[in-house]
Amino acid sequence: QNEEKWDFVLVSDIHEMGSEKEIKRKKFLDELSKKGFTIKKIEDTKLFYGVRAPLHIFWKYQCLLGSPNSRQQNSSAYQDVPVTTRIRIVHFILQNTVTSDLEKLQDLMKKKVFEAAFPLHKKEKIREILKRKWARWRVLFKEQPIEEIRCYFGEKVALYFAWLGWYTYMLVFAALAGLATVAAGATVFSSSQVSKEICAANSTIMCPLCDQNCSFWVLSDTCTYAKVTHMIDNEATVMFAIFMAIWATVFLELWKRERATVATNWDVYEWDEEEEELALQLINNSQHDPRRYQHSYFRSTIVLILALLMIAVLIGIAHALVIYRAVAMALFAQSEVELLSKHADTIAVMTGAVLHYITIVIMTKVNRHVALFLCDLEKPRTFSQRENNFTVKIFIFQFFTNFSSLIYIAFFLGRINGHPGHYVRIAGHWRLEECHPSGCITDLFIQMAIIMVLKQTISNIMEYLIPWISHQLRKKQKPPKKRSMMLGEEEEAEDPCKRQWLNNYELNEVNIFSLFNEYLEMVIQYSFTTIFVAAFPLAPLLALINNVIEIHLDAIKMMRLRRRLVPRKAKDIGIWLQVLEAIGTLAVIGNGLVIAITSDFIPVEVYKYIYSPCMRQNHTSMDCSTGYINNSLSVFRIQDFEPHTKVLPEFKGNQIKEYRDYRNADDYTYTVQFWHIFAARLAFLIVFEHVALCVKLIAAWYIPDVPQKVKNQILEEKHSNLRNELRWVMPWKVPG
């Protein structure tokens, strides 16, 4: 059967005749009729209005933006315009049609005059190809049909999947490097002198980890933990951090080349978004005046102050998590349950990480509302400008939500908590938690592992289950039988459009943020994969596994569970590229700081080259880090404990115990070695960052953004266009 072609469907509740909503709906539909739209009404439990645009609209579009020769082909305009462009034009006109009450479709939807407006998933050949080759689990490791995605969902969605595919492909190299780093840690560095010394230190008695009912403990108890720490914290990690800085640059540079090739093939390389928007405004209303560019310093100042306030709130939440961990540590340590009291520190870190994940989930929703509110204050001129402003704000808020707690663990944990006899306390009561004796990097490793695993498993399951369940529920709501059937009248033949429109209506609704959410999720994941990767070399592997699933999860959602997205044209991934470049720079700084401050790499190196037996006695045969652990401990006289400290077993006399720091035994001030290490950390940080940034710059220069083939193609096109123009300049028309 020859199926009727409808561009859009509007859905409305059945309102009473003469009611305000019914009058408003009629006014809007009359405006569309005046513009030449064909409207078809189907009644079910809701009212469905099929909308088809007149041909002259598409002809105008081609005249304004198409090639010059398309102006002669008035009759075939309908066939010439791709479906994605048709939907985009009709969507724009629907959104910008104003009724006599000065209301647009958006206002009418807020007032519940209309419930939904969507383009249709139709039974087309291309849709079947996408379902077979893309939106199913069997094709998990096959190449994506980007060209078909573009023909069905438009360039913007196709570019997202092209970028995601490219990112996933590049992650293979980062994941292999991460695995190699961990493997090297588990084999080459597993028998390190440092962990051997910790495992052999069964006579080294350490200070208690809490104030009440905590006992002294033996350093060798942390043997397993020390081995795990050394799997992450070794010489290979430094090389891996530099590799990841280069990888991030190469990934973006190669993506720019890929993007240039794709955009040229799709003929959008020199497409101008502003021109497109102006053309659509004129097609909708030939009397339209463009909205001018404006900038208000007052508005910008207000937005800046409010954004800084929001960031302060997010940092405050990170502080709350720190307080939770300090209090939880104290409470777990005093618990009657042996499992809790014995592993108080690890349990506090793990529950803290789960809490952090919960705050991320909640604050993501809050951040969105705040970012939208700030965008409305700025009054951006166009939709794309609004989208860019929103992207930057929400990324900054999400960055602080996700990373504040990690920044604390990486750079402050165990460095601001004082020393035995003089601890820094929260509200004068709870001791700030300390790093694990074998180093702080393992705390960061645990926190990152828990958050990444939770984010990827729970978020993906919810991302698929929620749309699937809501789709099933919508399908279950069967319409009641019609009156005519109840009266026993003869049943009329059902309109073929009705079933199709109902099926589309039963799918989950999409909005302008549907694609934005996917981008944001991936960009935050990219931040985890690069910024603190030195502490968690398995991050790229987790990201790779997640992305392979994510691509097909998104495909299934878009093809089977959601209404059709309004196709949008684009020539690149927009402002996300700048965001990714900013993350690349942050990654260099972050990893430099992790190695310089969090890891034990610098203290061990300083010991080897200044304080070790190799330097003092010229022993070249022995391992130069011998004696490092003893050297890194300071002694503490028990009688100097604060009065309220209650230690098990009770202590007597003038005994000496140890703790991890570089302090003098008599007055607990810092030793010279502490300042040596401090200077070495700073020096390493400066050298590492400059080297890594220079390598990034060289890589960016070495790989051209646009392939020569694309440049030559554009050059030839310009040349042939100018030659064609020249033909029209007849010699006899030349003046003089």
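General observations
- Across segment 318-337, a minimum of one residue is classified as closer than 22 Å to Asp443 by Cα and within 20 Å of the chain's Cα centre (by Cα).
- Pair list, Cβ < 7 Å and 6+ apart or interchain, from segment 452-463 residues that are touching a residue at least 40 places away in the same chain (Cβ under 8 Å) and open to solvent by less than 30 Å² (accessible area, probe 1.4 Å) to residues that are part of a helix (DSSP H, G or I) and β-branched (Val, Ile, Thr): Asn460/Ile549
- Count of residues meeting criterion [open to solvent by less than 30 Å² (accessible area, probe 1.4 Å) and either out of contact with any Leu (no Cβ under 6 Å at 6 or more places or on another chain) or at pLDDT below 90 (or both)] in segment 80-96: 9
- Residue check for Ala177: small (Gly, Ala, Ser), in a helix (DSSP H, G or I) and in contact with a helix residue (DSSP H, G or I) (Cβ under 8 Å, 6 or more places away or on another chain): yes
- Residue among Leu726, Leu685 that alone is modelled with pLDDT under 90 and either hydrophobic (A, V, I, L, M, F, W, C) or under 25 Å from Leu254 (Cβ atoms) (or both): Leu726
- Residue within segment 140-161 that is in contact with a strand residue (DSSP E or B) (Cβ under 7 Å, 6 or more places away or on another chain), open to solvent by 10 Å² or more (accessible area, probe 1.4 Å) and among the acidic types (Asp, Glu) present: no
- Taking segment 588-620 as the range and being surrounded by fewer than 16 Cβ atoms within 10 Å (Cβ to Cβ), on the phi < 0 side of the Ramachandran plot and outside any helix (DSSP H, G or I) as the test, the residues that pass are His619, Thr620.
- All positions within segment 381-411 that are open to solvent by 10 Å² or more (accessible area, probe 1.4 Å) and either part of a loop (DSSP other than H, G, I, E, B) or aromatic (Phe, Trp, Tyr) (or both): Arg381, Thr382, Phe383, Phe395, Phe399, Phe400, Tyr408, Phe411
- Subset of segment 257-302 (residues that are open to solvent by 60 Å² or more (accessible area, probe 1.4 Å), closer than 30 Å to Leu164 by Cα and not in a loop (DSSP other than H, G, I, E, B)): Arg257, Glu258, Asn265, Glu273, Glu274, Glu275
- Looking across segment 97-114 at every residue that is polar (S, T, N, Q) and more than 28 Å from Tyr152 (Cβ to Cβ), the one that is surrounded by the fewest Cβ atoms within 10 Å (Cβ to Cβ) is identified as Ser100.
- Within segment 32-57, being surrounded by 17 or more Cβ atoms within 10 Å (Cβ to Cβ) and either closer than 11 Å to Ile93 by Cβ or among the small types (Gly, Ala, Ser) (or both) holds for Leu32, Phe37, Gly50, Val51, Ala53, Ile57.
- Cys223 vs. criteria in contact with a helix residue (DSSP H, G or I) (Cβ under 7 Å, 6 or more places away or on another chain) and free of Cβ contacts under 8 Å to residues at least 60 places away in the same chain: yes
- If you go through segment 144-167 and keep only what is over 23 Å from the mean Cα position of the chain (by Cα) and of a type in the set (Asp, Glu), you end up with Glu147, Glu148.
- Test result for Gln500, open to solvent by 10 Å² or more (accessible area, probe 1.4 Å) and modelled with pLDDT of 90 or more: no
- The one condition in (1) surrounded by fewer than 21 Cβ atoms within 10 Å (Cβ to Cβ); (2) touching an Asp or Glu at 6+ places or on another chain (Cβ under 9 Å) that Arg563 fails to fulfil: (1)
- Scanning segment 418-462 for residues that are β-branched (Val, Ile, Thr) and more than 29 Å from the chain's Cα centre (by Cα), we see that the one that is farthest from Val327 (Cα to Cα) is Val424.
- Residue in segment 221-232 that is open to solvent by 20 Å² or more (accessible area, probe 1.4 Å) and charged (D, E, K, R) present: yes
- Among the residues listed as Ile677, Ile638, Ile656, the single one being surrounded by 18 or more Cβ atoms within 10 Å (Cβ to Cβ), at pLDDT below 80 and closer than 30 Å to Tyr423 by Cβ: Ile638
- Of all residues making up segment 239-256, the number that are buried (at least 20 other Cβ atoms within 10 Å of the Cβ) and not aromatic (Phe, Trp, Tyr): 6
- Checklist (1) farther than 25 Å from Tyr293 by Cα; (2) part of a helix (DSSP H, G or I) applied to Leu372, failing item: (1)
Residue-by-condition table, conditions (1) within 30 Å of Pro119 (Cβ to Cβ); (2) among the β-branched types (Val, Ile, Thr):
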| site | (1), (2) |
| --- | --- |
| Pro145 | yes, no |
| Ile149 | yes, yes |
| Gly154 | yes, no |
| Tyr167 | yes, no |
| Ser191 | no, no |
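- A single member of Val453, Val510, Val533, Val523 is at pLDDT 80 or above, assigned to a loop (DSSP other than H, G, I, E, B) and more than 27 Å from Pro119 (Cα to Cα), and it is Val533.
- Residue selected from segment 116-139 under the condition part of a helix (DSSP H, G or I) and touching a helix residue (DSSP H, G or I) at 6+ places or on another chain (Cβ under 7 Å), by the criterion least open to solvent (accessible area, probe 1.4 Å): Leu130
- Taken together, the residues in segment 412-450 that are in a helix (DSSP H, G or I) and surrounded by fewer than 18 Cβ atoms within 10 Å (Cβ to Cβ) amount to 1.
- Residue within segment 11-23 that is modelled with pLDDT under 85, closer than 23 Å to Arg568 by Cβ and open to solvent by 60 Å² or more (accessible area, probe 1.4 Å) present: no
- Residue match in segment 544-563 (condition: more than 22 Å from Ala135 (Cα to Cα) and assigned to a helix (DSSP H, G or I)): no
- Arg386 vs. criteria among the basic types (Lys, Arg) and modelled with pLDDT under 80: no
The values are calculated or read from the model by the stated rules, or taken from the named source; none is laboratory data. If you're wondering where the values come from, they're calculated on a predicted model, not measured in any experiment. Quick reminder, even Gly has a Cβ in these numbers, built from the backbone with ideal geometry, and neighbours come from all protein chains shown. For accessibility, only protein heavy atoms count, side chains too; no ligands or nucleic acids. Shrake-Rupley method; radii C 1.70, N 1.55, O 1.52, S 1.80 Å.
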